[in-house]
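Structure first, then comments.
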Ligand SMILES: *Cc1c(COP(=O)(O)O)cnc(C)c1O
């Protein structure tokens, strides 16, 4: 317990740029639960973190941008996919703090660079956008460092945001979110057994797993990968968790055997629609009036739905679904891809 107090002290001491109206709502999704014939389902609405249309990156960026500003940085270099939610929110938060923002966005050859969805918003927020087309899409080569060097040549002090914001600072956002969720559930005397969340870079999942272990929550965290293999993630996330545990002096560090990660819902790849994802987006929109996104939350919700179908979750269970946002990307898809004609 003494060590948890030390971790809290270290996290509270981190510089933070507060922009999110917290706590985000915790809502019953009873019509969805009924439609799926499944467990009691609650949505933790991190799509409503508010700033720049919200999403999980707001909690991470509060600490990342806070740290950049505290170190005297005056510009941000952010990398991600063409429809990166991180890029959109970092672009807006940078501007709010008077920082110049350069985005290095990777796509695959043939992917449209028409400014729609998040890309449209990046431009509205005044970020400079460089697009790179490679396979695989995360091969930025030296482009990120080149962008930082170019800023330095102009006398700027750039801060390079790690991919997905999954540094210990970013992870702190989801350690704090664990405490926020635990308090909301305790107040309503709800003890879920599982928390479902999508995994991209893995920082959100890492924070949630580290939080669940060290704050002794009732739930275990199931992560649904939207791009990488389970094998890669087990190793990568155990290492990220160890680094964050060390930075914040947590007593418990999850090993690979403590991680519950699914990689069977990726489909053809990152950002590619699957039948299951389309179904999940449609069911949730029609039962709850809540929008999921095609890249992350739709695939994670399909993972939850499939677990119900396979009998891994039953009516006696209670689960929380962390809605990480991402719906601005909906506007970059063809209607038919989303099942709308
Ligand atoms: C980035 C993102 C995720 C994944 O978060 P990671 O911490 O990178 O794993 C999930 N959902 C949405 C909407 C995102 O933008």
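Coordinate-derived values only; no laboratory data. Computed from a prediction, not measured in an experiment: that's the story for all the values here. Note: ideal-geometry Cβ built from the backbone for every residue, glycine included; neighbour counts use all protein chains shown.
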(message) Treating the chain as a set of equal point scatterers at the Cα positions, no solvent, please give the Debye-formula log₁₀ I(q)/I(0) at q = 0.06, 0.14 Å⁻¹.
(response) -0.20, -1.14
(request) Determine, from the Cβ-Cβ distance of residue 341 and residue 10 and an R0 of 51 Å, the FRET efficiency 1/(1 + (r/R0)^6), rounded to the nearest 0.05. (result) 0.45
(request) With runs of 4+ DSSP H residues as the only contributors, calculate the mean residue ellipticity of the chain at 222 nm using -39,500 (n - 2.57) per run, divided by the residue total and rounded to the nearest 500. (result) -13000 deg cm²/dmol
(message) Can you tell me, using C-alpha contacts under 8 Å and at least 6 residues apart, the relative contact order of the chain as a whole percent?
(response) 22
(request) Between the alpha-carbon centers of region 276-341 and region 114-180, tell me the distance in whole angstrom. (result) 26
(request) For residue 315 paired with residue 334, estimate the spin-label separation in nm (one decimal), with each label point 7 Å from Cα along the Cα-to-Cβ line. (result) 4.3
(request) Using only alpha carbon pairs under 8 Å that are at least six residues apart, calculate the relative contact order of region 28-183 and give it in whole percent. (result) 27
(message) Rounded to two decimals, what is the ratio between the C-alpha radius of gyration of region 57-165 and 2.2 N^0.38 Å?
(response) 0.99
(request) Enumerate the residues in region 71-107 having an amide nitrogen under 17 Å from the point lying 7 Å beyond the Cα of residue 133 toward its Cβ. (result) 81-83, 105-107
(message) What distance in nm separates the two pseudo spin-label positions at residue 95 and residue 179, each 7 Å out from Cα along the beta-carbon direction?
(response) 3.3
(request) At 10 °C and 1.306 mPa s, grab the translational diffusion coefficient of region 131-256 from Stokes-Einstein with a Kirkwood Rh over Cα pairs, rounded to a whole number in µm² per second. (result) 97
(request) Would you mind putting 300-308, 248-256, 85-93, 211-219 in packing order, based on average other-beta-carbon counts within 10 Å, highest first? (result) 85-93, 300-308, 211-219, 248-256
(request) Find the relative contact order for region 63-117 and round it to a whole percent, using C-alpha pairs within less than 8 Å whose residues are 6+ positions apart. (result) 38
